[in-house]
Amino acid sequence: MEMNKFDISGKKIWVAGHRGMVGSALIRRLASEDCEIIIAGRDTLDLLDQTQTHAWLAENKPDVVFLAAAKVGGIWANDTYPADFLYDNLMIETNVIHGSYLAGVEKLVFLGSSCIYPKMAEQPMKEEALLTGPLEETNQWYAIAKIAGIKMCQAYRRQYGCDFISAMPTNLFGAGDNYDEKGSHVVAALIQKAHRAKLAGDSSMELWGTGTPLREFLFVDDLADALVFLLKNYSDEPHINVGSGVEHSIRELAETIAKVIGFDGEFIFDTSKPDGTPRKLMDSTRLGNMGWKADTSLELGLKSAYQWYLENRAWKND
Ligand code: GFB
């Protein structure tokens with residue numbers, strides 16, 4: 001594993017996907033660094049458009065790119081829009097990665113997801129588990145696109161000597177999360193359900209699946225810190241897992257969210273909805289050995305996410 005210091009002072013850093021949960025956390029994290037942050041609004045740059053993306057990169061010439069732009073969503077969205085998840089993500093990746101190579105970008109950090117690993121991968125999942133077995137059916141489309149992104153970074157490293165690296169975060173939550181009723185991930189979905197059930201004085205709230213799947217959750221500001229750490233310290237071909245190392249069942253998550261929000265009713269499990277992968281714990285030893293670890297507990301992270309929801313989303317109906 002190659003560790004070498006990459007000095008970001010004075011660098012021009014493009015956060016692609018700055019409006020998303022990960023991109024906005026990166027902007028918050030980079031604010032304390034001596035670098036210039038650049039962004040491109042959706043109205044000026046469509047990342048699905050190759051000509052526009054390549055032209056934007058050639059004109060703005062960032063030194064560093066964080067590729068945090070992606071079509072993302074929870075289990076229902078992945079299962080319902082397979083074409084969008086595959087097409088949009090492949091297009092964004094190929095346009096930004098190839099465009100970055102053409103524009104002479106010094107360093108690029110690509111973001112994947114823990115769903116790249118086989119459904120029945122040995123737990124905790126090491127980086128080497130990639131491509132050793134069949135994927136989870138509900139999100140295989142997204143996973144294939146993310147695997148292609150990892151391979152692109154490796155290929156451009158090998159063929160053109162580009163310093164392009166990949167980070168694989170586990171399930172994320174925090175400020176800026178998507179609260180779309182069906183399309184969201186589980187943390188946002190349960191924050192919204194518990195909040196609404198509490199306000200309505202309901203005696204129960206509904207959860208999808210059996211409540212038994214295990215998930216590892218990471219607070220998005222911890223992820224942003226890990227990404228800046230990797231940018232500065234890591235330069236090698238293998239992708240790097242970024243997790244908290246702690247897993248919870250969906251039922252435990254719901255109990256913690258209910259406690260944070262103050263909902264004291266019951267949970268009803270709708271088992272007609274999919275559970276997805278039974279367990280998804282990543283082995284983040286490599287990152288740990290480099291000297292980074294997550295430090296926000298699930299409960300503290302949930303309190304912060306709920307505060308953001310109250311200030312930004314609770315009053316919206318969708
Ligand atoms: O977060 P989530 O949608 O995605 O769901 P995955 C996690 C678990 O929570 C599943 C359960 O077992 C769901 O059945 N769950 C319970 C709920 N209630 C709800 C609810 O109201 N909403 C949602 N969304 N889930 C995604 C992948 O998988 O994880 C993506 O589909 C990506 O590709 C992402 O990798 C990180 O963890 O199952």
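Rule-based calculations on the coordinates, nothing more; no lab input. The structure displayed is predicted, hence computed values, not measured ones. All Cβ positions, even for glycine, are placed from backbone atoms using ideal geometry, and neighbour counts span all protein chains on display.
Per-structure values
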item	result
Length gained when the stretch Lys198-Ala58 is fully extended (0.36 nm per residue, less Cα-Cα span)	45.3 nm
Amide H partners (placed H, <5 Å) of Ile38, local residues excluded	Ile13, Trp14, Val15
Volume of the Cα convex hull of segment 74-167, divided per residue and given in Å³	94
Förster-model FRET efficiency, 25 Å R0, Thr271 and Lys293, C-beta, rounded to 0.05	0.10
Cα extents of segment 107-158 along the three principal axes, largest first (Å)	33, 21, 15
In order through segment 175-186: 3J(HN,Hα) via Karplus (6.51 cos²θ - 1.76 cosθ + 1.60), integer Hz, x for Gly, Pro	4, x, 5, 8, 9, 4, 4, 9, x, 6, 7, 4
Of Asn89, Ala70, Asn139, farthest towards positive along the dipole that unit charges on Lys, Arg, Asp, Glu beta carbons give segment 1-153	Ala70
Under 5 Å, built H, 5+ apart or other chain: amide partners of Ser184	Gly74
26 Å tail of the calculated P(r), segment 10-135, as % of Cα pairs	29
Residues Ala31 and Ser249, FRET efficiency given R0 of 41 Å [Cβ-Cβ distance, rounded to 0.05]	0.70
Point-to-point label distance, Glu122-Leu300, nm (Cα→Cβ direction, 7 Å offset)	3.4
Normalised convex hull volume, segment 190-318, alpha-carbon set, Å³ per residue	131
Between 0 and 90°, nearest 10: helix 250-261 axis offset from the chain longest Cα axis	80
Residues with amide H under 5 Å from that of Arg279, placed H, sequence gap 5 or more	Leu214
Sequence-separation-based contact order of the chain, relative, with Cα cut under 8 Å and 6+ spacing, percent	21
Cα-centred dipole magnitude for the chain, charges only on beta-carbon of K, R (+1) and D, E (-1), debye, nearest 20	200
Within segment 228-318: Cβ-based charge dipole about Cα centre, in debye rounded to nearest 20 (Lys, Arg +1; Asp, Glu -1)	220
Efficiency of FRET between Lys5 and Asp264 - r from beta-carbon atoms, R0 51 angstrom, step 0.05	0.50
Orientation-averaged projected area, Cα convex hull of the chain (nm²)	15.4
Dipole axis of segment 150-244 (+1 Lys, Arg; -1 Asp, Glu on Cβ), positive-most option in Ser235, Ile150, Gly211	Ile150
